[in-house]
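To keep things clear, I will list the structure first and then write my remarks on it.
The values are calculated or read from the model by the stated rules, or taken from the named source; none is laboratory data. The structure displayed is predicted, hence computed values, not measured ones. Cβ: placed from backbone, ideal geometry, glycine included. Neighbour counts: every protein chain shown. Keep in mind that these areas ignore ligands, DNA and RNA; they rest on the heavy atoms of the full protein, side chains included. Shrake-Rupley method; radii C 1.70, N 1.55, O 1.52, S 1.80 Å.
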Amino acid sequence: MAMPVSAPSLGERLRVTPTGGGIGAEIAGIDLRTLDEGDFAAIRRAFVAQSVLLFRGQRLGDDDLIAFSRRFGPLDWAPVQENGRRFVEGKPEIYIVSNVIENGVAIGSLGAGEAVWHTDMSYLEDPPMASMLYAIEVPAKGGNTGFCNMYSAYEALPAELKRRAEGLRIKHDGTYNSGGYLRAGVAASDDPRTSPGAVHPLVCTHPESGRRCLYLGRRRNAYLVGLELAESEALLDALWSCATRDEFTWYNSWRPGDLVLWDNRCTMHRRDPFDPASRRIMHRTQIKGAERPAA
Ligand code: OGA
Ligand code: MN
């Protein structure tokens, strides 16, 4: 009897084109609503290899965005918005990044200013391993999002800094978000030793790639546990000045229909400001980490 013949997997035909910058790749010619298992396996591999993936020309409703996100694993609920609004009605997984005001109420977070370098929600003990951001409306100019390669950042450290970083633990601040806004329900604080947050290893081993990377989280209120404050500040400044060099970064200049997926374990991201009179609406999901960051 003839054996059933399975069609060659589409996944093997996916084109993964590196951005040419310090991180990331674009995957073209694919509709994220209709991926077969082979496509998804190829995307999963590219995600670990490239850390940041751009898919253009998508047409995703919130349910499509949630469905694609869930293929990577269970989702975290979105953080509370700056105005205290908890979630999008009926969809606790969706976080809105937007400057748009409707009926006097901000529909999302982060306004129109700069968002400083950070990794998402690392003020939690078990931060999401990945985030994806889908562009619905974007300004004509500005509002680009930059990504930084934290493997490169670690590898490029001078030997002496690498040695000093080894074995240290760092507090990732839970007071302010990347737009500089106080998180809902948190007391203002600028003492990194006592401000709320979670403590993680400063140098981590990525659980899937096995590669070592720096895990800085964000600069404001960061603290190297056990050090004198001045010593912690000086060492953090030295690490940060190496970490965010232009050659380790890549910026996405957004078009509506862009989806960017990034690995929070080995990247940071930031956003350029844009004209507050223009509209920018992005919807985000965050994928649970299977294991906490480990040294
Ligand atoms: C985020 C974020 C920046 C941006 O969604 O986590 O930091 O460009 N967004 O909107
Ligand atoms: Mn972010």
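Summary of values
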| item | result |
| --- | --- |
| For the chain, calculated [θ]222 nm from helices alone, where every DSSP H run of n ≥ 4 adds -39500 (n - 2.57) | -5000 deg cm²/dmol |
| Unit Cα scatterers, Debye sum, segment 150-243: log10 I(q)/I(0) for q = 0.10, 0.13, 0.18 Å⁻¹ | -0.26, -0.44, -0.81 |
| Gained length - Asn144 relative to Glu247, 0.36 nm times residue gap less alpha-carbon distance | 35.4 nm |
| Of Gly21, Gly38, Gly167, farthest towards positive along the dipole that unit charges on Lys, Arg, Asp, Glu beta carbons give the chain | Gly38 |
| Relative contact order (percent, whole number), segment 150-243, Cα cutoff 8 Å, 6+ residue spacing | 37 |
| Within the accessible area of segment 46-141 (1.4 Å probe), percent carbon and sulfur | 51 |
| Rg followed by Dmax, in Å, when the chain is reduced to its Cα trace | 19.4, 76 |
| Qualifying aspartates and glutamates (Cα of each under 12 Å from Cα of Lys288; at least 8 residues distant if same chain) | Asp76, Glu93, Asp120, Glu125, Asp126, Asp263 |
| Label-point gap, in nm, between Asp36 and Val186 - each point 7 angstrom along Cα→Cβ | 4.5 |
| Cys with no candidate disulfide partner in the chain (beta-carbon separation under 4.7 Å rule) | Cys148, Cys204, Cys242 |
| Accessible area per residue, Å², the chain with all protein chains present, probe 1.4 Å | 45 |
| FRET E, pair Ala295, Glu89, Förster distance 25 Å, beta-carbon r, rounded to 0.05 | 0.05 |
| Order of exposure, largest accessible area first, which applies to Asp275, Asp64 with probe 1.4 Å | Asp275, Asp64 |
| Estimated FRET transfer efficiency (Arg44, Val225; beta-carbon r; R0 25 Å; 0.05) | 0.15 |
| Sites Val199 and Glu160, calculated FRET efficiency, Cβ-Cβ separation with R0 25 Å, nearest 0.05 | 0.55 |
| Stretch gain in nm, segment Glu233-Lys288, where the contour uses 0.36 nm per residue and the Cα spacing is subtracted | 16.8 nm |
| Length-normalised contact order of the chain in % [C-alpha pairs under 8 Å, at least 6 apart] | 31 |
| Segment 214-241 and segment 37-111: distance between their alpha carbon centers, rounded to Å | 30 |
